[in-house]
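See below for the structure under consideration.
The values are calculated or read from the model by the stated rules, or taken from the named source; none is laboratory data. Just so you know, these numbers come straight off a predicted model, no measurement behind them. In this analysis, Cβ positions are derived from the backbone assuming ideal geometry, glycine residues included, and neighbour counts consider all displayed protein chains. Please note that ligands, DNA and RNA were not included when accessible areas were found on the heavy atoms of the full protein model with its side chains. Shrake-Rupley method; radii C 1.70, N 1.55, O 1.52, S 1.80 Å.
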Amino acid sequence: MNHSLVNWFKFASPASFYPLVGRLIPFFATAAAILTIAGLWVGLVVAPTDAQQGEGYRIIFVHVPASWMSMFIYCVMAFWAALGLAFNTRLSGMMTSALAPTGALFAFLSLWTGALWGKPMWGAWWVWDARLTSQLILFFLYLGFIALQAAIDDPRRADKAGAILALVGVINVPIIYFSVQWWNTLHQGASVSMTKAPSMAHTMLLGMLLMALAFWAYTIAVALMRVRCIILERELTSGWVKKNAME
Amino acid sequence: MNGLLYPFQQSVRRDLLLAARHKTEIVTALFFFVIVVNLLPLGIGPDPDLLRKIAPGALWIGALLATLLGLQRLFAPDHADGTLEQMALSPQSFTLLVAGKILAHWVVAGLPVVLIAPVLGLQFDLSGRSLLILTVSLLLGTPILSLIGAVGAALTLGVRGSGALLSLLILPLYIPALIFGAGAVEADLAGLGSEGHLSLLAALLVVSTFFAPWVTTVALRVALE
(Lines give C-alpha, C1' and ligand atoms only; values in the text may rest on other atoms or scores of the structure.)
Protein backbone atom coordinates (compact mmCIF):
# COMPACT_ATOMS: atom_id res chain seq x y z
CA MET A 1 0.00 0.00 0.00
CA ASN A 2 2.48 2.52 1.19
CA HIS A 3 5.10 2.13 -1.50
CA SER A 4 7.60 4.70 -0.29
CA LEU A 5 7.84 2.98 3.09
CA VAL A 6 8.46 -0.38 1.45
CA ASN A 7 11.21 1.10 -0.66
CA TRP A 8 13.01 2.60 2.32
CA PHE A 9 13.13 -0.67 4.14
CA LYS A 10 14.24 -2.42 0.99
CA PHE A 11 17.42 -0.36 0.94
CA ALA A 12 17.98 -0.92 4.65
CA SER A 13 19.28 -4.33 3.64
CA PRO A 14 22.99 -4.28 2.79
CA ALA A 15 22.41 -6.64 -0.15
CA SER A 16 20.15 -4.18 -1.97
CA PHE A 17 21.94 -1.08 -0.67
CA TYR A 18 25.33 -2.14 -2.02
CA PRO A 19 24.51 -2.01 -5.76
CA LEU A 20 22.44 1.18 -5.33
CA VAL A 21 25.38 2.91 -3.68
CA GLY A 22 27.68 1.65 -6.40
CA ARG A 23 25.58 3.54 -8.94
CA LEU A 24 25.41 6.70 -6.78
CA ILE A 25 29.12 7.07 -6.01
CA PRO A 26 30.29 8.16 -9.50
CA PHE A 27 27.57 10.81 -9.56
CA PHE A 28 28.59 12.36 -6.23
CA ALA A 29 32.30 12.02 -6.96
CA THR A 30 31.91 13.88 -10.26
CA ALA A 31 29.78 16.54 -8.57
CA ALA A 32 32.43 16.96 -5.88
CA ALA A 33 35.20 17.40 -8.48
CA ILE A 34 33.26 19.90 -10.59
CA LEU A 35 32.04 21.91 -7.61
CA THR A 36 35.53 22.02 -6.06
CA ILE A 37 37.02 23.36 -9.28
CA ALA A 38 34.21 25.92 -9.65
CA GLY A 39 34.38 26.93 -5.98
CA LEU A 40 38.15 27.31 -5.99
CA TRP A 41 38.04 29.28 -9.22
CA VAL A 42 35.43 31.68 -7.78
CA GLY A 43 37.22 31.85 -4.47
CA LEU A 44 40.80 32.26 -5.66
CA VAL A 45 40.37 34.08 -8.97
CA VAL A 46 37.03 35.86 -9.22
CA ALA A 47 36.41 37.04 -5.65
CA PRO A 48 37.85 40.47 -4.92
CA THR A 49 40.64 41.03 -2.42
CA ASP A 50 39.31 41.85 1.04
CA ALA A 51 39.81 45.47 2.07
CA GLN A 52 40.99 44.66 5.59
CA GLN A 53 42.38 41.16 5.44
CA GLY A 54 44.09 41.22 2.04
CA GLU A 55 44.56 37.92 0.22
CA GLY A 56 44.80 35.90 3.43
CA TYR A 57 41.06 35.83 3.87
CA ARG A 58 40.75 33.40 0.96
CA ILE A 59 41.37 30.53 3.35
CA ILE A 60 37.78 30.90 4.53
CA PHE A 61 36.69 29.20 1.31
CA VAL A 62 38.06 26.01 2.81
CA HIS A 63 37.82 26.86 6.48
CA VAL A 64 34.15 27.79 6.81
CA PRO A 65 32.72 24.89 4.75
CA ALA A 66 35.01 22.46 6.62
CA SER A 67 33.72 23.73 9.97
CA TRP A 68 30.13 23.47 8.80
CA MET A 69 30.66 19.94 7.58
CA SER A 70 32.41 18.81 10.77
CA MET A 71 29.43 19.90 12.86
CA PHE A 72 26.85 18.66 10.40
CA ILE A 73 28.43 15.22 10.06
CA TYR A 74 28.26 14.73 13.83
CA CYS A 75 24.52 15.44 13.70
CA VAL A 76 24.09 13.00 10.81
CA MET A 77 26.02 10.39 12.78
CA ALA A 78 23.73 10.93 15.75
CA PHE A 79 20.74 10.56 13.41
CA TRP A 80 21.96 7.20 12.10
CA ALA A 81 22.88 6.17 15.64
CA ALA A 82 19.36 6.88 16.89
CA LEU A 83 17.87 5.07 13.90
CA GLY A 84 20.14 2.09 14.50
CA LEU A 85 19.20 1.85 18.17
CA ALA A 86 15.50 2.32 17.46
CA PHE A 87 15.07 -0.06 14.52
CA ASN A 88 18.07 -2.32 15.13
CA THR A 89 19.15 -1.97 11.49
CA ARG A 90 22.65 -3.12 10.64
CA LEU A 91 23.16 -0.51 7.95
CA SER A 92 22.68 2.43 10.35
CA GLY A 93 25.69 1.42 12.40
CA MET A 94 27.73 0.99 9.25
CA MET A 95 26.76 4.48 8.09
CA THR A 96 27.69 5.95 11.48
CA SER A 97 31.14 4.43 11.40
CA ALA A 98 31.60 5.31 7.73
CA LEU A 99 30.94 8.99 8.44
CA ALA A 100 33.20 9.33 11.50
CA PRO A 101 36.63 9.51 9.77
CA THR A 102 35.39 12.16 7.33
CA GLY A 103 33.96 14.18 10.20
CA ALA A 104 37.24 13.97 12.09
CA LEU A 105 39.09 14.98 8.93
CA PHE A 106 36.94 18.09 8.49
CA ALA A 107 37.24 19.01 12.18
CA PHE A 108 41.02 18.77 11.87
CA LEU A 109 41.02 20.68 8.59
CA SER A 110 38.94 23.42 10.17
CA LEU A 111 41.37 23.72 13.11
CA TRP A 112 44.41 23.66 10.86
CA THR A 113 43.16 26.21 8.34
CA GLY A 114 41.95 28.29 11.27
CA ALA A 115 45.47 28.32 12.68
CA LEU A 116 46.90 29.26 9.29
CA TRP A 117 44.39 32.09 9.05
CA GLY A 118 44.83 33.19 12.68
CA LYS A 119 48.59 33.70 12.48
CA PRO A 120 48.54 36.59 9.96
CA MET A 121 45.17 38.01 11.15
CA TRP A 122 45.41 37.78 14.95
CA GLY A 123 49.15 37.23 15.26
CA ALA A 124 48.67 33.90 17.02
CA TRP A 125 48.29 30.32 15.85
CA TRP A 126 45.81 29.61 18.59
CA VAL A 127 43.61 31.69 20.88
CA TRP A 128 41.25 30.33 23.51
CA ASP A 129 38.21 31.58 21.68
CA ALA A 130 34.95 29.76 22.40
CA ARG A 131 34.54 28.57 18.83
CA LEU A 132 38.08 27.29 18.52
CA THR A 133 37.87 25.48 21.83
CA SER A 134 34.57 23.82 21.09
CA GLN A 135 35.79 22.79 17.64
CA LEU A 136 38.81 21.19 19.30
CA ILE A 137 36.50 19.34 21.69
CA LEU A 138 34.38 18.19 18.75
CA PHE A 139 37.58 16.77 17.20
CA PHE A 140 38.23 14.91 20.47
CA LEU A 141 34.68 13.53 20.40
CA TYR A 142 35.28 12.17 16.89
CA LEU A 143 38.54 10.58 18.00
CA GLY A 144 36.81 9.01 21.00
CA PHE A 145 34.12 7.56 18.75
CA ILE A 146 36.66 6.11 16.31
CA ALA A 147 38.80 4.73 19.13
CA LEU A 148 35.82 3.07 20.80
CA GLN A 149 34.70 1.40 17.59
CA ALA A 150 38.22 0.26 16.82
CA ALA A 151 38.65 -1.27 20.28
CA ILE A 152 35.57 -3.49 20.13
CA ASP A 153 35.95 -6.64 18.07
CA ASP A 154 32.32 -7.65 17.73
CA PRO A 155 30.90 -5.35 15.02
CA ARG A 156 27.35 -5.40 16.39
CA ARG A 157 28.52 -4.36 19.84
CA ALA A 158 30.85 -1.76 18.31
CA ASP A 159 27.90 -0.28 16.41
CA LYS A 160 25.67 -0.09 19.45
CA ALA A 161 28.33 1.24 21.82
CA GLY A 162 29.31 3.81 19.18
CA ALA A 163 25.66 4.78 18.72
CA ILE A 164 25.24 5.41 22.45
CA LEU A 165 28.43 7.46 22.51
CA ALA A 166 27.36 9.50 19.47
CA LEU A 167 24.01 10.29 21.09
CA VAL A 168 25.60 11.22 24.43
CA GLY A 169 28.02 13.39 22.48
CA VAL A 170 25.36 15.17 20.47
CA ILE A 171 23.49 16.08 23.67
CA ASN A 172 26.71 17.36 25.16
CA VAL A 173 27.87 19.43 22.20
CA PRO A 174 25.53 22.39 22.91
CA ILE A 175 26.28 22.22 26.65
CA ILE A 176 29.99 22.23 25.94
CA TYR A 177 29.62 25.06 23.45
CA PHE A 178 27.75 27.33 25.87
CA SER A 179 29.94 26.50 28.83
CA VAL A 180 33.05 27.29 26.83
CA GLN A 181 31.47 30.54 25.68
CA TRP A 182 30.70 31.61 29.26
CA TRP A 183 34.13 30.51 30.39
CA ASN A 184 35.66 32.68 27.69
CA THR A 185 33.62 35.78 28.49
CA LEU A 186 34.48 35.37 32.16
CA HIS A 187 38.19 35.20 31.48
CA GLN A 188 38.11 38.22 29.22
CA GLY A 189 41.04 36.62 27.45
CA ALA A 190 41.52 36.99 23.74
CA SER A 191 38.53 39.11 22.91
CA VAL A 192 38.67 38.27 19.23
CA SER A 193 35.41 38.34 17.42
CA MET A 194 35.10 35.90 14.59
CA THR A 195 31.87 37.41 13.33
CA LYS A 196 32.16 38.03 9.67
CA ALA A 197 31.63 41.40 8.04
CA PRO A 198 27.87 41.78 7.62
CA SER A 199 28.00 42.76 3.97
CA MET A 200 29.95 40.05 2.24
CA ALA A 201 30.55 40.45 -1.45
CA HIS A 202 28.25 38.23 -3.48
CA THR A 203 31.13 36.46 -5.20
CA MET A 204 32.63 35.58 -1.83
CA LEU A 205 29.35 34.11 -0.68
CA LEU A 206 29.01 32.23 -3.96
CA GLY A 207 32.49 30.79 -3.61
CA MET A 208 31.78 29.67 -0.09
CA LEU A 209 28.47 28.08 -1.06
CA LEU A 210 30.09 26.25 -3.98
CA MET A 211 32.80 24.93 -1.69
CA ALA A 212 30.21 23.90 0.88
CA LEU A 213 28.31 21.96 -1.78
CA ALA A 214 31.56 20.43 -2.98
CA PHE A 215 32.34 19.24 0.55
CA TRP A 216 28.83 17.81 0.82
CA ALA A 217 29.25 15.84 -2.38
CA TYR A 218 32.72 14.72 -1.30
CA THR A 219 31.42 13.58 2.10
CA ILE A 220 28.58 11.61 0.54
CA ALA A 221 30.84 9.98 -2.03
CA VAL A 222 33.54 9.04 0.48
CA ALA A 223 31.12 7.87 3.16
CA LEU A 224 29.32 5.69 0.63
CA MET A 225 32.60 4.21 -0.60
CA ARG A 226 33.57 3.46 2.97
CA VAL A 227 30.19 1.94 3.75
CA ARG A 228 30.62 -0.36 0.73
CA CYS A 229 33.92 -1.57 2.14
CA ILE A 230 32.34 -2.11 5.57
CA ILE A 231 29.45 -4.03 4.01
CA LEU A 232 31.88 -6.29 2.13
CA GLU A 233 33.94 -6.88 5.27
CA ARG A 234 30.98 -7.81 7.42
CA GLU A 235 28.95 -9.77 4.87
CA LEU A 236 31.92 -11.71 3.57
CA THR A 237 30.29 -15.03 4.27
CA SER A 238 26.91 -14.26 2.74
CA GLY A 239 25.97 -15.55 -0.67
CA TRP A 240 25.45 -12.32 -2.51
CA VAL A 241 28.93 -11.02 -1.63
CA LYS A 242 30.55 -14.21 -2.93
CA LYS A 243 28.58 -13.88 -6.13
CA ASN A 244 29.52 -10.22 -6.38
CA ALA A 245 33.20 -10.93 -5.82
CA MET A 246 33.22 -13.69 -8.45
CA GLU A 247 32.01 -11.37 -11.16
CA MET B 1 11.63 -1.56 53.90
CA ASN B 2 10.75 -3.43 50.77
CA GLY B 3 9.92 -0.24 48.92
CA LEU B 4 10.70 0.92 45.44
CA LEU B 5 14.22 1.93 46.37
CA TYR B 6 15.10 -1.39 47.97
CA PRO B 7 17.39 -2.60 45.13
CA PHE B 8 19.07 0.79 45.15
CA GLN B 9 19.81 0.61 48.88
CA GLN B 10 21.06 -2.97 48.65
CA SER B 11 23.33 -2.12 45.74
CA VAL B 12 24.82 0.86 47.60
CA ARG B 13 25.28 -1.25 50.72
CA ARG B 14 26.96 -4.08 48.87
CA ASP B 15 29.41 -1.85 47.00
CA LEU B 16 30.30 0.12 50.11
CA LEU B 17 30.90 -3.10 51.99
CA LEU B 18 33.15 -4.36 49.21
CA ALA B 19 35.03 -1.07 49.23
CA ALA B 20 35.41 -1.17 52.99
CA ARG B 21 37.12 -4.55 52.66
CA HIS B 22 39.58 -3.21 50.08
CA LYS B 23 40.50 0.01 51.82
CA THR B 24 43.78 0.41 49.96
CA GLU B 25 41.92 1.25 46.76
CA ILE B 26 40.20 4.24 48.34
CA VAL B 27 43.37 5.42 49.99
CA THR B 28 45.40 5.00 46.80
CA ALA B 29 42.97 7.14 44.76
CA LEU B 30 42.93 9.77 47.48
CA PHE B 31 46.71 9.99 47.66
CA PHE B 32 46.90 10.09 43.91
CA PHE B 33 44.72 13.22 44.11
CA VAL B 34 46.89 14.73 46.85
CA ILE B 35 50.12 14.05 44.95
CA VAL B 36 48.85 15.37 41.60
CA VAL B 37 47.68 18.59 43.22
CA ASN B 38 50.93 18.96 45.12
CA LEU B 39 53.03 18.41 42.02
CA LEU B 40 51.63 21.53 40.38
CA PRO B 41 53.32 24.07 42.68
CA LEU B 42 56.55 22.11 42.21
CA GLY B 43 56.21 22.42 38.46
CA ILE B 44 54.99 25.99 38.35
CA GLY B 45 56.77 27.68 41.25
CA PRO B 46 55.88 28.73 44.78
CA ASP B 47 54.59 32.25 44.02
CA PRO B 48 51.47 32.61 46.26
CA ASP B 49 49.66 34.95 43.84
CA LEU B 50 50.03 32.50 40.99
CA LEU B 51 49.09 29.54 43.19
CA ARG B 52 45.95 31.27 44.43
CA LYS B 53 44.99 31.81 40.81
CA ILE B 54 45.48 28.22 39.65
CA ALA B 55 44.18 26.53 42.83
CA PRO B 56 40.55 25.93 41.72
CA GLY B 57 41.64 24.55 38.36
CA ALA B 58 44.39 22.45 39.91
CA LEU B 59 42.08 20.88 42.46
CA TRP B 60 39.39 20.27 39.88
CA ILE B 61 41.74 18.60 37.43
CA GLY B 62 43.07 16.50 40.28
CA ALA B 63 39.49 15.48 41.08
CA LEU B 64 38.84 14.54 37.44
CA LEU B 65 41.88 12.29 37.32
CA ALA B 66 41.17 10.73 40.70
CA THR B 67 37.62 9.89 39.55
CA LEU B 68 38.92 8.32 36.36
CA LEU B 69 41.21 6.09 38.37
CA GLY B 70 38.35 4.37 40.18
CA LEU B 71 35.98 4.25 37.20
CA GLN B 72 37.77 1.36 35.53
CA ARG B 73 36.86 -0.81 38.50
CA LEU B 74 33.24 0.32 38.66
CA PHE B 75 31.85 -2.58 36.63
CA ALA B 76 34.89 -4.67 35.68
CA PRO B 77 35.09 -6.95 38.80
CA ASP B 78 31.34 -7.62 38.73
CA HIS B 79 31.54 -8.32 35.02
CA ALA B 80 34.45 -10.71 35.52
CA ASP B 81 32.73 -12.85 38.17
CA GLY B 82 29.29 -12.78 36.53
CA THR B 83 27.56 -10.67 39.18
CA LEU B 84 26.70 -8.02 36.64
CA GLU B 85 24.87 -10.53 34.47
CA GLN B 86 22.87 -11.73 37.45
CA MET B 87 21.96 -8.12 38.19
CA ALA B 88 20.80 -7.61 34.62
CA LEU B 89 18.71 -10.77 34.78
CA SER B 90 17.23 -10.09 38.21
CA PRO B 91 13.58 -9.03 38.50
CA GLN B 92 14.74 -5.86 40.28
CA SER B 93 15.23 -2.72 38.24
CA PHE B 94 18.71 -2.90 36.69
CA THR B 95 18.78 0.89 36.44
CA LEU B 96 18.32 1.26 40.19
CA LEU B 97 21.03 -1.31 40.87
CA VAL B 98 23.37 0.57 38.54
CA ALA B 99 22.42 3.89 40.16
CA GLY B 100 23.34 2.38 43.52
CA LYS B 101 26.74 1.34 42.19
CA ILE B 102 27.32 4.87 40.88
CA LEU B 103 26.40 6.42 44.24
CA ALA B 104 28.74 3.99 46.00
CA HIS B 105 31.50 4.96 43.57
CA TRP B 106 30.98 8.61 44.41
CA VAL B 107 31.08 7.91 48.16
CA VAL B 108 34.33 6.00 47.69
CA ALA B 109 36.06 8.17 45.07
CA GLY B 110 34.39 11.58 45.14
CA LEU B 111 33.53 12.26 48.76
CA PRO B 112 37.09 11.82 50.14
CA VAL B 113 38.30 14.26 47.49
CA VAL B 114 35.67 16.80 48.58
CA LEU B 115 36.62 16.37 52.23
CA ILE B 116 40.35 16.77 51.71
CA ALA B 117 40.07 19.61 49.18
CA PRO B 118 39.92 22.42 51.81
CA VAL B 119 43.20 21.19 53.30
CA LEU B 120 44.87 21.24 49.90
CA GLY B 121 43.32 24.63 49.23
CA LEU B 122 45.14 25.96 52.27
CA GLN B 123 48.43 24.94 50.65
CA PHE B 124 47.47 27.18 47.75
CA ASP B 125 46.82 30.11 50.10
CA LEU B 126 43.07 30.31 49.39
CA SER B 127 40.90 32.46 51.67
CA GLY B 128 38.20 30.91 53.85
CA ARG B 129 35.46 32.11 51.55
CA SER B 130 37.12 30.70 48.45
CA LEU B 131 37.69 27.41 50.25
CA LEU B 132 34.01 27.17 51.06
CA ILE B 133 32.95 27.88 47.47
CA LEU B 134 35.51 25.42 46.13
CA THR B 135 34.29 22.70 48.47
CA VAL B 136 30.65 23.33 47.56
CA SER B 137 31.53 23.25 43.85
CA LEU B 138 33.33 19.93 44.33
CA LEU B 139 30.42 18.58 46.37
CA LEU B 140 28.05 19.41 43.51
CA GLY B 141 30.49 18.47 40.77
CA THR B 142 32.10 15.18 41.76
CA PRO B 143 28.77 13.27 41.54
CA ILE B 144 28.51 14.53 37.94
CA LEU B 145 31.95 13.07 37.27
CA SER B 146 30.88 9.68 38.67
CA LEU B 147 27.61 9.73 36.71
CA ILE B 148 29.09 10.64 33.32
CA GLY B 149 32.06 8.39 34.00
CA ALA B 150 29.74 5.43 34.57
CA VAL B 151 28.49 5.75 30.97
CA GLY B 152 32.08 5.57 29.73
CA ALA B 153 32.90 2.68 32.06
CA ALA B 154 29.90 0.76 30.73
CA LEU B 155 30.79 1.47 27.10
CA THR B 156 34.40 0.32 27.54
CA LEU B 157 33.56 -2.70 29.69
CA GLY B 158 35.73 -5.65 28.70
CA VAL B 159 37.30 -3.79 25.80
CA ARG B 160 40.97 -3.86 24.83
CA GLY B 161 42.95 -1.01 26.44
CA SER B 162 39.86 0.19 28.24
CA GLY B 163 41.74 2.46 30.65
CA ALA B 164 43.17 4.88 28.10
CA LEU B 165 40.04 4.62 25.98
CA LEU B 166 37.87 5.56 28.96
CA SER B 167 39.88 8.76 29.47
CA LEU B 168 39.58 9.64 25.80
CA LEU B 169 35.81 9.18 25.84
CA ILE B 170 35.05 10.79 29.17
CA LEU B 171 37.41 13.72 29.65
CA PRO B 172 35.87 15.86 26.84
CA LEU B 173 32.45 15.32 28.43
CA TYR B 174 33.79 16.56 31.78
CA ILE B 175 34.56 20.00 30.38
CA PRO B 176 31.29 21.74 31.39
CA ALA B 177 31.62 20.51 34.99
CA LEU B 178 35.26 21.61 35.07
CA ILE B 179 34.44 25.05 33.70
CA PHE B 180 31.60 25.79 36.09
CA GLY B 181 33.27 24.14 39.07
CA ALA B 182 36.62 25.85 38.79
CA GLY B 183 34.93 29.01 37.51
CA ALA B 184 32.80 29.44 40.64
CA VAL B 185 35.74 30.49 42.82
CA GLU B 186 37.12 32.75 40.14
CA ALA B 187 33.75 34.43 39.56
CA ASP B 188 33.49 35.10 43.28
CA LEU B 189 36.97 36.63 43.37
CA ALA B 190 36.06 38.79 40.38
CA GLY B 191 33.04 40.11 42.31
CA LEU B 192 30.51 38.43 40.02
CA GLY B 193 29.17 36.08 42.67
CA SER B 194 29.41 32.31 42.48
CA GLU B 195 25.66 31.59 42.58
CA GLY B 196 25.35 31.42 38.79
CA HIS B 197 28.12 28.86 38.42
CA LEU B 198 26.93 26.77 41.33
CA SER B 199 23.35 26.83 40.02
CA LEU B 200 24.51 25.65 36.61
CA LEU B 201 26.57 22.94 38.26
CA ALA B 202 23.52 21.84 40.23
CA ALA B 203 21.49 21.84 37.01
CA LEU B 204 24.10 19.62 35.35
CA LEU B 205 23.91 17.34 38.37
CA VAL B 206 20.12 17.05 38.10
CA VAL B 207 20.23 16.34 34.36
CA SER B 208 22.99 13.75 34.68
CA THR B 209 21.31 12.10 37.66
CA PHE B 210 18.24 11.66 35.52
CA PHE B 211 19.91 10.41 32.33
CA ALA B 212 23.24 8.84 33.23
CA PRO B 213 22.03 5.74 35.13
CA TRP B 214 19.60 4.98 32.33
CA VAL B 215 22.18 5.42 29.55
CA THR B 216 24.66 3.37 31.60
CA THR B 217 22.11 0.57 31.84
CA VAL B 218 21.58 0.60 28.07
CA ALA B 219 25.33 0.53 27.52
CA LEU B 220 25.77 -2.32 30.01
CA ARG B 221 23.10 -4.37 28.26
CA VAL B 222 24.98 -3.87 24.99
CA ALA B 223 28.19 -5.00 26.68
CA LEU B 224 26.52 -8.07 28.18
CA GLU B 225 24.87 -9.27 24.96
Next item on the list: Sort the range B:1-125 into rounded, prolate or oblate with this rule: let a ≥ b ≥ c be the square roots of the eigenvalues of the Cα gyration tensor; rounded if a/c is under 1.5, and if a/c is not under 1.5, prolate when a/b is larger than b/c, oblate otherwise.
Entry: prolate
Next item on the list: Report the extension gain between residue B:28 and residue B:125 in nm, rounded to one decimal, defined as 0.36 nm multiplied by the number of residues separating them, less their alpha carbon distance.
Entry: 32.4 nm
Checklist line | Lys pairs, the protein assembly as shown - Cα-Cα below 25 angstrom, 8 or more residues apart or on other chains | finding: 6
Notebook entry, point to check: What length, rounded to one decimal in nm, is gained on full extension from residue A:171 through to residue A:128, with 0.36 nm per residue of separation minus their alpha-carbon distance?
Noted result: 13.2 nm
Notebook entry, point to check: Given +1 on the Cβ of Lys and Arg, -1 on the Cβ of Asp and Glu, and no further charges, what dipole in debye does the protein assembly as shown carry about its Cα centre, rounded to the nearest 20?
Noted result: 900
Notebook entry, point to check: Lys/Arg Cβ at +1, Asp/Glu Cβ at -1, dipole of the range B:6-224 taken about the Cα centre: which of B:176, B:71, B:22 is farthest positive-ward?
Noted result: B:22
Note to self: Between residue A:88 and residue A:233, how high is the FRET efficiency from 1/(1 + (r/R0)^6) when r is the Cβ-Cβ distance and R₀ = 25 Å? Nearest 0.05.
What the structure shows: 0.80
Check: Relative to the Cα centre, what is the charge dipole magnitude of chain B, using +1 at the beta carbon of each Lys and Arg, -1 at the beta carbon of each Asp and Glu, and rounding to the nearest 20 debye?
Finding: 360
Checklist line | Computed label-point distance, nm, for sites residue B:206 and residue B:81 using a 7 Å Cα→Cβ extension | finding: 3.9
Margin query: Suppose all protein chains stay in the model; what accessible area per residue would a 1.4 Å probe give for the range B:6-224, in Å²?
Written below: 43
Check: If you place +1 on the Cβ of every Lys and Arg, -1 on the Cβ of every Asp and Glu, and leave all else neutral, what size is the dipole of chain A about its Cα centre, to the nearest 20 Debye?
Finding: 460
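Once R0 is set to 41 Å, what does the formula 1/(1 + (r/R0)^6) return for the Cβ-Cβ distance between residue B:17 and residue A:156, expressed as a FRET efficiency to the nearest 0.05?
0.70
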Next item on the list: First check a/c for the protein assembly as shown, with a ≥ b ≥ c the square roots of the eigenvalues of its C-alpha gyration tensor; if it is under 1.5, answer rounded, and if not, answer prolate when a/b is larger than b/c or oblate otherwise.
Entry: oblate
Next item on the list: Report the local net charge at residue B:187: Lys and Arg +1, Asp and Glu -1, summed over other residues whose C-beta lies under 13 Å from its C-beta.
Entry: -2
Notebook entry, point to check: Given a 1.4 Å probe and no ligands, DNA or RNA in the count, how much accessible surface is buried by B and A, both sides, to the nearest 100 Å²?
Noted result: 2300
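Accessible area of chain A with a 1.4 Å probe: how many percent of it is carbon plus sulfur? Intermediate results must be reported in sequence, preceding the final value.
Values: 9130 of 12760 Å².
Of all accessible area on chain A, carbon and sulfur atoms account for 72 percent.
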